[in-house]
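Accompanying notes for the structure given below.
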Amino acid sequence: MSDVKTINLTIDGTPVVAPEGTTILQAAETLGIHIPRLCYHPDLSLAGSCRVCIVEVKGMAQYMASCSVTVWEGMEVQTNSPEIRQARRDIIELLLDNHPRDCQTCERDGHCELQNLAYSHGVRERLFEGERKRFALETSGVSVVRDSEKCVLCGRCVRVCAEVQGITNLSQHGRGFHTVVTPAHGATMDESVCIQCGQCINACPTAAFLEKDHTDDVWAALANPELRVVVQTAPSIRAAIGEGFGLPPGTPCTGRMVTALRRLGFDAVFDTDLGADLTIVEESAELLRRLDGGGPLPMLTSCSPGWISFLEKFYPALIPHASTCRSPMTMLSALSKTYYAQKLGVDPSRIYMAAVMPCVAKKFEMRRPEHREADGSPMTDAVLTTREIIWMIRCYGIDFANLPEGEFDAPLGVATGAGDLFGTTGGVMEATLRTAACKLTGRAPETLEFEQVRGVLGGRWAGWREADVRIGDRTLHVGVANGLHNAKNLLDQVIEGRKKFHVIEVMACPGGCIGGGGQPYPPTGERILDPELLRLRASALYKIDAGKTLRLSHENPAVREVYETFLGEIGGAKAHELLHTSYAARLPRGVR
Amino acid sequence: MKFQDPQERNDAMKPPTTTDNWNEVKAAAEAALPAPIVEFIADCRRREHPESHLISVLHKVQGHFGYLSAEHMDAVAQLLQVPAAKVSGVATFYHFFRLRPRGRYVINVCLGTACYVKGADKLVAKLKDELGIDFGETTSDGMFSLEASRCLGTCGLAPVVMFNDDVHPRVTPDQVPVLLQQYLDRARKAPPAAP
């Protein structure tokens, strides 16, 4: 048995037994008491800065922050009394006093924790109007917009950036009334070590961080008769978009999503999953080449643009290990402007490619010089996050939940179940292993499910997965990391020679793309980074994969056709030109 | 198809150094700081919890340059291996650290009780008006910085204003322009030595 001491206390008169070290807030939750909170997040370190979670403890002269006080024997806690409710309400009112009055036009309206607190605490007027902090809106970033006037200094962005992502790009600067959260020296996000993952957007209880809006650009393209406007959707969108329309998390929505996009007026709806299948075909060929003595090993996957930025800023020495494959999004964009344009007989400049992504870093990726046409125009013209496409669908008055199922368009709309898996941690690895197994043994593996690399790790995002995967008479040692803090720990072990892998999958965001910086805000009362929510989204992808006949990327007939009629050899010259890229060390260099 | 054995893999694990920029980043950081401070940071790195020495490193950097520039802080971040956001967060939190160079003459107005009742507030108003700057700021020609202190311990001379180490007793607002002109003349006669 565990030798952790147990503590007896009462909360609101009810006796509770809790292990030593439990906080009052955690102990209260076991009784079904949800003490209001703002800066607290169970997966981040404690800040104790907002004071919203105060409770009364018998014998103590002052209210205590229940998130950061651990229980003691005989403790008597009162979470509710007229005085506590009044004090909490005063705290919330004071936070509001220093906050803009623009809920109606705020993107976070309805998903704002400060707004929710104000509502639930009966704050119906603003009594303490006074001087308010003033900061300029920082819109220069290609992915992330910073609105410091909406910041409540809870520090969740600072903590998620440091503790989950291992970047530490954000810090509170200055002091007192003038405190502001910015990158070093108050620099813009693009000048900083920011890798554009957008987890600060997710972690923020208000709207101090937002994605750069591309919806206006897409609306304009849709209204332009000169353009053929095509759209592609990333694997994880179908697993999360339903949440924006009241469907339970984990509802697969592929068909309804396609119908909704067609109704918005897109001329063709393509599947990024096909780009994922292409990635697998190219990447597994690359892996086999590296395994066959070409090195260097381990090979690192390259689909996640946040991870690629991280590699270039924090681990440039490992660049030769990264697969040279472009991301599925950019592969599909490249083919749309070449293969598809040729098939259609239209000039590529008349094709407008909008990509729906779970990711704000894709907005950065599309602007990289490496992913542009010879004339300098980007291969991808706009990147919409899941949240942005939800606004657009709502704005159009589409009853999403009751839509009929639609089908993706040819020739870039057929995808395998392996492609769907790209949306979750372990998915790129599983898809690679399926195809690599076929290539190495000459036949499909008996079970296509590689359970060793599946699953969202919970808790404080500690750890990564590693597994020995038997393929024929050989064993591949593989690693899977999501959340860059995990990736950092894994890569340090590789660099120090303590671990040896053949291939490592890295996705920047917790849980992979399903937990991306552009995914729907969790419903009111639920928390971001919640492993349960991410598991539900992942289960939708596993369901979609299991329900498909085509589950091996290299068997995708559309992919085969692309190679036979357009690209030529796998890994050949044309494939290299269109489907591969290069990386370089970038400044400012991150401190690991 | 053959797989590499662990030893071979180990060799393959060693990346070519060409993609790494650490040597350049480190050289740039070392060039931004004087050698003794670079040495001090290296010494901190050999101790436990090197990051806990951040404030003493920043003190030394400010002691040398008179202020902390973004370049200095970035150099400290790289050499001490503390994220730059933390370095600038610390530097902006403490009033002692200055982020801009100070003027050639630092004007320190005593705002202690005795000086205050003897009209230091009027001196401040006049200084701000003449210089066009607030406390903590420096004139655009880099000549004067304006600062305040609470009691210089010479209450008998109130109100007191210091220009660098020179103490000026019983200053009246009328004398402010005269004093400023004196220092401008002095600066013109003795241009600052080249750094």
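Values in this text are rule-based calculations from the coordinates and carry no lab data. Only a predicted model underlies this, so the values are computations on that prediction, with no experimental measurement involved. Here the Cβ is made from the backbone with ideal geometry for all residues, glycine too, and neighbour counts use every protein chain on show.
Worth a mention:
- Considering only segment B:105-189, percent of DSSP beta bridges that pair antiparallel, nearest 5: 55 percent
- Relative contact order (percent, whole number), chain A, Cα cutoff 8 Å, 6+ residue spacing: 16 percent
- Neighbour-count order for B:His95, A:His178, fewest beta carbons within 10 angstrom listed first: B:His95, A:His178
- Under a 5 Å amide H cut-off, with hydrogens placed 1.01 Å from N, A:Val69 pairs with A:Ile24, A:Leu25 among residues at least 5 apart or on other chains.
- Percent of beta bridges antiparallel (DSSP, chain A, rounded to nearest 5): 55 percent
- Inter-probe distance in nm under a simple model that places probes 7 Å from Cα toward Cβ, at A:Thr70 and A:Cys395: 5.1 nm
- The modelled label-to-label distance between B:Ser52 and A:Lys133, using points 7 Å beyond Cα along the C-beta direction, is 3.0 nm.
- DSSP beta bridge pairing in segment A:6-80, given as percent antiparallel to the nearest 5: 85 percent
- Separation of segment A:373-406 and segment B:62-125, taken as the distance between their Cα centroids, equals 49 angstrom.
- Euclidean distance between Cα centres, segment A:113-192 to segment A:32-60, Å: 20 Å
- Close amide H contacts of B:Phe144 (hydrogens built in the peptide plane, cut-off under 5 Å, sequence separation of 5 or more or a different chain): B:Arg104, B:Tyr105, B:Thr139.
- Over chain A: helical MRE at 222 nm, DSSP H runs n ≥ 4 each giving -39500 (n - 2.57), nearest 500: -8500 deg cm²/dmol
- Set of aspartates and glutamates near A:Lys5 by C-alpha distance (under 17 Å), chain-local residues within fewer than 8 positions excluded: A:Glu20, A:Glu73
- Vicinal HN-Hα couplings computed from phi for segment B:51-61 (Karplus, 6.51 cos²θ - 1.76 cosθ + 1.60; Hz; Gly/Pro x): 5, 6, 9, 3, 5, 5, 5, 4, 4, 5, 5
- For segment A:6-80, with +1 on Lys and Arg beta carbons and -1 on Asp and Glu, the positive-most of A:Met60, A:Thr10, A:Gly74 along the dipole: A:Met60
- Each helix, a run of at least 4 DSSP H residues, gives -39500 (n - 2.57); summed and divided by the residues of chain B, these come to -15000 deg cm²/dmol at 222 nm.
- Around B:Phe135: net Lys/Arg minus Asp/Glu count, Cβ-Cβ under 9 Å: -2
- Gap separating the Cα centres of segment A:330-356 and segment A:196-220, nearest whole Å: 26 Å
- Simple point charges give the picture: +1 on the Cβ of Lys and Arg, -1 on the Cβ of Asp and Glu, and for segment A:216-579 a dipole about the Cα centre of about 580 debye.
- Flagged links, alpha-carbon separation over 25 Å, of A:Lys343/A:Lys439; A:Lys337/A:Lys362; A:Lys133/A:Lys362; A:Lys439/A:Lys574; A:Lys313/A:Lys439; A:Lys133/B:Lys126: A:Lys343/A:Lys439; A:Lys133/A:Lys362; A:Lys313/A:Lys439; A:Lys133/B:Lys126
- Peptide A:172-182 - average C-beta neighbours from other chains (10 Å radius): 3
- In this structure, the amide hydrogen of B:Leu111, modeled 1.01 Å from its nitrogen in the peptide plane, lies closer than 5 angstrom to those of B:Ser149, B:Arg150, B:Cys151, counting only residues at least 5 positions away or on a different chain.
- Nearest-20 debye value, the protein assembly as shown charge dipole, Cβ charges on Lys, Arg, Asp, Glu: 1240 debye
- Taking other residues whose beta carbon is less than 15 angstrom from the beta carbon of B:Arg100, and scoring Lys, Arg as +1 and Asp, Glu as -1, yields -2.
- Sequence of A:Glu505, A:Glu577, A:Glu163 once ranked by neighbouring C-beta atoms within 10 Å, starting from the fewest: A:Glu577, A:Glu163, A:Glu505
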